[in-house]
Structures are given as C-alpha cells and as structure tokens.
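Here the structure comes first, spelled out in structure tokens, and everything after it is commentary.
The values are calculated or read from the model by the stated rules, or taken from the named source; none is laboratory data. What you see is a predicted model, and the numbers here were worked out from it, not measured in a lab. Positions of Cβ are backbone-derived with ideal geometry, glycine not excepted, and every protein chain shown enters the neighbour counts. Just the protein is used for accessible areas: all its heavy atoms, side chains included, with ligands, DNA and RNA removed. Shrake-Rupley method; radii C 1.70, N 1.55, O 1.52, S 1.80 Å.
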Amino acid sequence: MNVNGRHYRTIWLKETDNTVVQIINQLALPHSFDIIDLRTVEDVRRAIKDMYVRGAGLIGATAAYGMYLAVLEAGEGSFTADLLRSAEILKNTRPTASNLAWAVDRMLVTLTDSADLPPAKKCEDARIEAQAIADEDADSCRRIGIHGVEIIKAIAARKKGETVNILTHCNAGWLAFVDYGSALSPVYAAHDAGLKVHVWVDETRPRNQGASLTAWELGQHGVPHDLIPDNAGGHLMQHGMVDMVITGADRVTRCGDAANKIGTYLKAAAAKENGVPFYVALPSSTFDFNMRDGLKEIPIEERDASEVRFVSGKTKSGALKTVQICPDSTSARNWGFDVTPARYITGLISERGICEASEQGILGLYPEQAAGQGCTHG
Ligand code: MRU
C-alpha cells in the first residue's frame, strides 16, 4: 500500500544487500515512519517479541525471513542443529498467531531438503522460500479483498448507495500482513471501486493498534473513518450505525472459533444481539486445522502489565510521552487475545472465498483437510 504516495510492503530485503531484512517500525507509528534493518536471528526475535512487527501474517513472514537469516548464521558442521535452535527461538516469541509456527515449519521443510547442498545454494533456497511466503501472504490478502467486497456491495445496494458503516477492532490492515490486510482488504477494495464506506475504528486498548495503526493506514489510503473508544461499539450497533463488523484473526480452528485481539468477543456478542453481521477475514495460513475447540485449545498470550498501567502518546507540544494512568500500587493483568465462538460469526472470508464458520463450511473451502480430526462441539 502507499505511504505518502509511495508503495511499501511491511517487510522486504534491502535492495543493495539481500542479507538484510527491512521492516517498518510499527512502534513508531503514527508519529513517525521509520524503517529498520534486521541482520540476525536475534534482531528478528526481538522485532516479533517487542512488536516492532505484529499482526498474524506479518509475524509469519518475519519469522520466515528470520529462518533465512538463520541459514546465513548456521555453522557448516552444525547446520541442522543450528537451524532447529533458531526455529525454536522464533517460535517462542509469541504464542497465539498460527502463522508463526506455520511459516517456521514450512521453512524447515524446505531447508531439510537443502541440508546436503552447498552453503550458497542453501541460502538461495531459504531466501526464495521466505520471499514466496511473503508474496503468498500479500496475494492471499488481495484475494480476500476481492471476495469480501461482494458483501459490502450487497449492503450498499440494500442501502441504495448510502454509506456503508463498518466496525473493525485492532489492526488487521496491510500493516498486519505483507500487504493489503485481511479485515481491511475488502474495505480498500470497496473504497477503490467507488463505494461509499466509513470505518468505525476501535482504539483497541491496551496497545491501541486501532488508534495508532488502523487510523493511520486508513488515513494514508483516504478511507473515511472515525476513532471510537473500545466500549462505544455496542451503543453504535443499538442505534443502527454499524452495517457490518469485520475483524481479522490470529488463529481459527477447524470448527470456526476465532482468536483475535482482546475485546473482539464482546463486539461479536453485541453484533449478534443487534443483528449486525460479523465477519472474520483470514488467509489460509491462519487456520489451525489441528484444533477444534478454540476456547479450550488456543494459547492466549499474556503480556506485561505495564501495557495496561501506562499509555504513550504525543503531547500537545508534540513531544512523545509515556504516563501512568492508575495508582502506583495498582496491579494489572493483560491478556492479548480472546476467542469468539463460531456461533457468533456470520462468515469467514479467506482467499478461497466466503464460508460459514463451521467445520462443514470450512471443509467446503478446504476439502484436503477433511481427513483431520472432527469437531466435538457445536
Ligand atoms: O498483538 P498483535 O497486534 O500482533 O495482534 C494481532 C492483531 O493485530 C489482531 O488480533 C488482528 O486483528 C489479527 S492479526 C491480522
């Protein structure tokens, strides 16, 4: 997508030195647009863990490039052991998004095949595979837009061309992937097709990905939007001010339960109560076909309490500041994600199309997964 009129992806290899991975520093947005270099597996580990990059698809692509750097670092005589150690380091950075382990495992399969090849060929194979993972992520998101825009078109037609109001939570835009985004890809496609769309952007406490990232990228693309406090969505739905909700997902089980940023479940419950359609958009790499019951099985990351106790932002004079918002002695808890049960989800939008959030619906799009475990819950 474009930043100040120039096209960027969220991750790429440096043009003048393809042993350096470059990323947009998402910790600095929206106040400054910085690009930083990742040169080692340790750089990649820190970038994922400390959320310089975040969002399911981008975490996966970053880990894939991390495995490429792991090949550059691996010793001749200890190639496989070194690689497996790097894979573990990268997989242990964040637990909830399935794209991370998926990408690392896919790199391992390719690199196991290359283990006996000369070093230069191993590096080339790793670079090509990481690039393929990134390219596929971008292309899947582009296709999510093509499918999802049909839903927006249908609502626009029903509203006789009036603005379609879409609520989203967290950031599942192009910053969360390599390009386009999942939840926001249909929104961009609708806007680009000349449909009137407006986005309600949940601020998404505690890290405020909605305020700092979603609002920024929608603004860069010229999509009308308003930032709202996290607890406003229910009120807007009660008053007919939300036509649909689209969120992303960090992991979706074969039965359609979806883990996404904390607070998503409350939006889904409010949407169901108010008859507002609730869609979850995801590339195939976010499905976890080995899990059935999302509530019981999806690992939920718990992050540092300081993210709840402090907020950061720009003062009126333009300085960046972090301030404490609770008494000195107050403790806090900070779960990063929650699980929305499939029964709250109107449909899943993937690059293969739109399906019901149920095992039957999902297997309709992914028949090759039918041999796996069946669902034990509704
Ligand atoms: O903690 P984050 O920012 O990595 O969380 C991921 C998310 O941005 C959201 O949960 C998003 O909606 C799904 S990831 C495309």
From Glu136, Glu124, Glu150, which residue is in a helix (DSSP H, G or I), open to solvent by 70 Å² or more (accessible area, probe 1.4 Å) and closer than 26 Å to Thr264 by Cα?
Glu150
Could you check His235 against (1) more than 30 Å from Phe289 (Cβ to Cβ); (2) buried (at least 24 other Cβ atoms within 10 Å of the Cβ) and say which number it fails?
(2)
Pairs under 6 Å by beta carbon, first residue free of Cβ contacts under 8 Å to residues at least 24 places away in the same chain in region 1-22, partner among the β-branched types (Val, Ile, Thr) and not in a loop (DSSP other than H, G, I, E, B), six or more apart or different chains?
Lys14/Val20; Gln22/Ile35
How about region 7-25: which of its residues are in a loop (DSSP other than H, G, I, E, B) and either open to solvent by 60 Å² or more (accessible area, probe 1.4 Å) or within 22 Å of Asp139 (Cβ to Cβ) (or both)?
Tyr8, Arg9, Thr10, Glu15, Thr16
Which of the residues belonging to region 242-271 are away from the ligand (no atom under 12 Å from the Cβ), of a type in the set (Gly, Ala, Ser) and buried (at least 24 other Cβ atoms within 10 Å of the Cβ)?
Gly256, Ala268, Ala271
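At least 1 residues that are closer than 28 Å to Arg106 by Cα and open to solvent by less than 40 Å² (accessible area, probe 1.4 Å) in each: list the strands (runs of 3 or more DSSP E) lying fully within region 272-378 that qualify.
278-281, 337-340, 347-350, 353-355
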Return a yes/no flag: does region 94-106 have any residue that is farther than 26 Å from Val339 by Cβ and not small (Gly, Ala, Ser).
no
Scan region 49-75 for residues that are without any contact (Cβ under 8 Å) to a residue 60 or more places away in the chain and not in a helix (DSSP H, G or I) and jot them down.
Asp50, Tyr52, Val53, Ala74, Gly75
Go through region 194-204 and report how many residues are in a loop (DSSP other than H, G, I, E, B) and either within 12 Å of the ligand (Cβ to nearest atom) or open to solvent by less than 20 Å² (accessible area, probe 1.4 Å) (or both).
1
Output for region 154-172, where each listed residue is touching a Phe, Trp or Tyr at 6+ places or on another chain (Cβ under 8 Å) and either within 18 Å of Gly336 (Cβ to Cβ) or among the charged types (D, E, K, R) (or both)
Thr168
Scan region 76-89 and give yes if some residue there is more than 11 Å from the ligand (Cβ to nearest atom), open to solvent by 30 Å² or more (accessible area, probe 1.4 Å), assigned to a helix (DSSP H, G or I) and over 18 Å from Thr110 (Cα atoms), otherwise no.
yes
Residue among Gly181, Gly210 that is part of a helix (DSSP H, G or I) and either touching a residue at least 12 places away in the same chain (Cβ under 8 Å) or within 16 Å of the ligand (Cβ to nearest atom) (or both):
Gly210
